[in-house]
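Colleague: Mind having a look at this structure? Questions to follow.
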Amino acid sequence: MTNAVQSAIILGNIRSIQDDISNLLDDGILAQTILDEHLLPGMTIVGERFKRNEMFLPQVLMSGQAMQTAIDILKPHLLENPNQEKKLTVVIGTVKGDMHDIGKNLVRIMLMGAGFTVIDLGVNVPSARFLEAAAQNSAQVVCLSALLSSTMNNMKEIVQSFRHDPKLKDTLILIGGAPVNSDFCESIGADGYAPTAPGAVKQIQNMID
Ligand code: B12
């Protein structure tokens, strides 16, 4: 059974999703609960329907826009109580060839919520740009996102570029995105993998401790 928010995601109905999210927040439902129990399951249904050719690209794009609208409303609530002690700088981006950014944007919000300084390079980011941003900002961590099984392979090239750079070889590299897992992480020599945006925060905290 789909609930109202899930239906709005599936239909890409931006106006109703704005009302539905505001109503849930007014009812005292936590932003994280809205994300986990309404938005993410809605997007999973979109993915399944897309795979079965029951939804097509323009509709998926509208669902993506509805999802991003909802996340923008939740953002201030997800950013509450940042831990100001952590002064880490993190560079994040979706790898070259890949335009998916909803998950990457969620990871960015969670990292900001944890008090990290986050430099977001956007989508379709080549390895040279990750290296340049990490050097310019003295970043301790680089986060790579990929949603396509074709583009996840670009992560390997990025990891190798960092390892071959004398000044950047120790930069911690965290990877994520639906087709990625911990075996893949190990196989390309990245430092960590997390399946979710909150998991990204925990994984970075583990890596730096
Ligand atoms: C929305 C969507 C689109 C939108 C993207 C809009 C946008 N602004 O992002 C549009 C319509 C543009 C699109 C295009 C395409 N898409 Co698409 N898309 C999706 C869909 C339905 C949802 C993705 C999403 O946003 N999920 C919600 C977010 C919150 O989840 P997430 O991204 O997985 O992120 C979470 C975790 O993975 C993790 N995470 C993400 N990044 C990172 C990074 C780090 C460091 C960490 C630690 C964690 C982490 O945290 C997030 C939150 O917990 C998926 C299906 C699915 N279920 O994944 C298909 C899907 C990814 N797309 C697919 C395909 C094939 C395409 C196209 C090639 C279609 C085409 N024929 O053109 C194009 C590719 C364009 C390109 N070059 O990138 C396939 C990929 C198959 C594969 N394995 O290769 C999927 C799986 C659909 C399917 N079932 O077939 N798509």
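Colleague: In this structure, is I71 in the same structural domain as V159 (by TED's automatic domain parsing) and either free of Cβ contacts under 8 Å to residues at least 24 places away in the same chain or within 30 Å of K156 (Cβ to Cβ) (or both)?
Modeller: no
Colleague: Oh, and also: Among the listed residues S127, S145, which satisfies the condition of being within 13 Å of the ligand (Cβ to nearest atom) and either small (G, A, S) or at pLDDT 95 or above (or both)?
Modeller: One residue alone meets the criteria, S145.
Colleague: Of all residues in region 96-147, which are charged (D, E, K, R), closer than 20 Å to Q160 by Cα and surrounded by 21 or more Cβ atoms within 10 Å (Cβ to Cβ)?
Modeller: D98
Colleague: Condition check: touching a residue at least 12 places away in the same chain (Cβ under 8 Å), surrounded by 15 or more Cβ atoms within 10 Å (Cβ to Cβ) and under 22 Å from G113 (Cβ atoms). Does V159 satisfy that?
Modeller: Considered against the rule, which asks whether it is touching a residue at least 12 places away in the same chain (Cβ under 8 Å), surrounded by 15 or more Cβ atoms within 10 Å (Cβ to Cβ) and under 22 Å from G113 (Cβ atoms), V159 comes out as no.
Colleague: In addition: Return yes or no: is V91 more than 9 Å from the ligand (Cβ to nearest atom), of a type in the set (A, V, I, L, M) and at pLDDT 95 or above?
Modeller: yes
Colleague: When the residues of region 96-110 are filtered to those that are in a helix (DSSP H, G or I) and touching a helix residue (DSSP H, G or I) at 6+ places or on another chain (Cβ under 8 Å), which remaining residue is farthest from the ligand (Cβ to nearest atom)?
Modeller: I109
The values are calculated or read from the model by the stated rules, or taken from the named source; none is laboratory data. Being a predicted model, the structure only gives us computed values, none of them experimental. Counting neighbours? That spans all protein chains shown, and the Cβs are built from the backbone with ideal geometry, glycine included.
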